[in-house]
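Q: Dropping the structure in here first, questions after.
The values are calculated or read from the model by the stated rules, or taken from the named source; none is laboratory data. Computed from a prediction, not measured in an experiment: that's the story for all the values here. Because the Cβ atoms are built from the backbone with ideal geometry, glycine has one as well, and the counts that use them run over all protein chains shown.
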Amino acid sequence: MPSRHRSPALKFGLVLATACLWAAGCATSSHVITGKVRPAITPDQVKLYTKPPEKYEEIAILEASSKRSLTFGDQGKTDKVMERLKAQAASLGANGVLLQGFGERSSGSVGTGLGSTSFSGSSAMGIGFGVSGETTDKVGNGLAIYVPPP
């Protein structure tokens, strides 16, 4: 039976893959219940508010991000955050979300590099080049609210 030796590059790849899978399990939204939860409704029944309606009941504090959404551009990421806020609110029976703020947070970085070496007799020469860039996600906060019918 042949022995199985893993190269340092393969070990690093396995560690990196494990870290990515672990990070993929992180939540893209969260909430804190502050009022009475109602039966769930569909997200299309949830209205977004930038100013508080005249009468409402607070249900929960919400937070959502565009993490793992595969959307590009600020507007696409903001739309994904609003979609996730509405889905959370709907799951709590809220028919409204009072938007409280949007921002950005660093979600990691991407980098790549290339290197080459050559050996000749008793000397060696190496050269390398690399680039990296930061990635960001949009985040949004709001209140899940119930607005009674007029």
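Q: Quick one: in the stretch 125-150, of everything that is under 22 Å from SER91 (Cα atoms) and within 20 Å of the chain's Cα centre (by Cα), which residue is surrounded by the most Cβ atoms within 10 Å (Cβ to Cβ)?
A: Filtering the stretch 125-150 down to residues under 22 Å from SER91 (Cα atoms) leaves 138-149.
Checking which are within 20 Å of the chain's Cα centre (by Cα) leaves us with 138-144.
On the way: LYS138: 24, VAL139: 21, GLY140: 23, ASN141: 17, GLY142: 27, LEU143: 23, ALA144: 31.
Per the criteria, the residue is ALA144.
Q: When you scan the stretch 43-55, do you find a residue that is assigned to a strand (DSSP E or B) and of a type in the set (Lys, Arg), even just one?
A: Going through the stretch 43-55, the residues assigned to a strand (DSSP E or B) turn out to be 47-49.
Add one more test, that the residue is of a type in the set (Lys, Arg), and what stays is 47.
Within the stretch 43-55, one or more residues are assigned to a strand (DSSP E or B) and of a type in the set (Lys, Arg).
Q: Still on this structure, I have one more. Does THR78 satisfy being loosely packed, with under 13 Cβ neighbours inside 10 Å and of a type in the set (Val, Ile, Thr)? Give the steps one after another, and end with the answer.
A: Numbers: loosely packed, with under 13 Cβ neighbours inside 10 Å: no; of a type in the set (Val, Ile, Thr): yes.
Answer is no for this residue.
Q: Are there any pairs with C-beta distances below 8 angstrom linking a residue in the stretch 40-59 that is aliphatic (A, V, I, L, M) to a residue that is in a strand (DSSP E or B) and exposed (fewer than 13 other Cβ atoms within 10 Å of the Cβ), with the two at least 6 apart or on different chains, and if so which?
A: Short answer, once both residue conditions are applied: ILE59/ILE33.
Q: Which one of SER122, SER109 is modelled with pLDDT under 70 and either surrounded by fewer than 12 Cβ atoms within 10 Å (Cβ to Cβ) or among the aromatic types (Phe, Trp, Tyr) (or both)?
A: On the way: SER122 fails: modelled with pLDDT under 70.
So the residue among SER122, SER109 that is modelled with pLDDT under 70 and either surrounded by fewer than 12 Cβ atoms within 10 Å (Cβ to Cβ) or among the aromatic types (Phe, Trp, Tyr) (or both) is SER109.
Q: Considering only residues of the stretch 61-90 that are assigned to a strand (DSSP E or B) and farther than 19 Å from ASP44 by Cβ, which is modelled with the highest pLDDT? Working first, answer last.
A: Narrowing the stretch 61-90 to residues assigned to a strand (DSSP E or B): 61-65.
Still in the running and farther than 19 Å from ASP44 by Cβ: 61, 63, 65.
Numbers: ILE61: 95, GLU63: 92, SER65: 83.
Step by step, filter the stretch 61-90, then rank; the result is ILE61.
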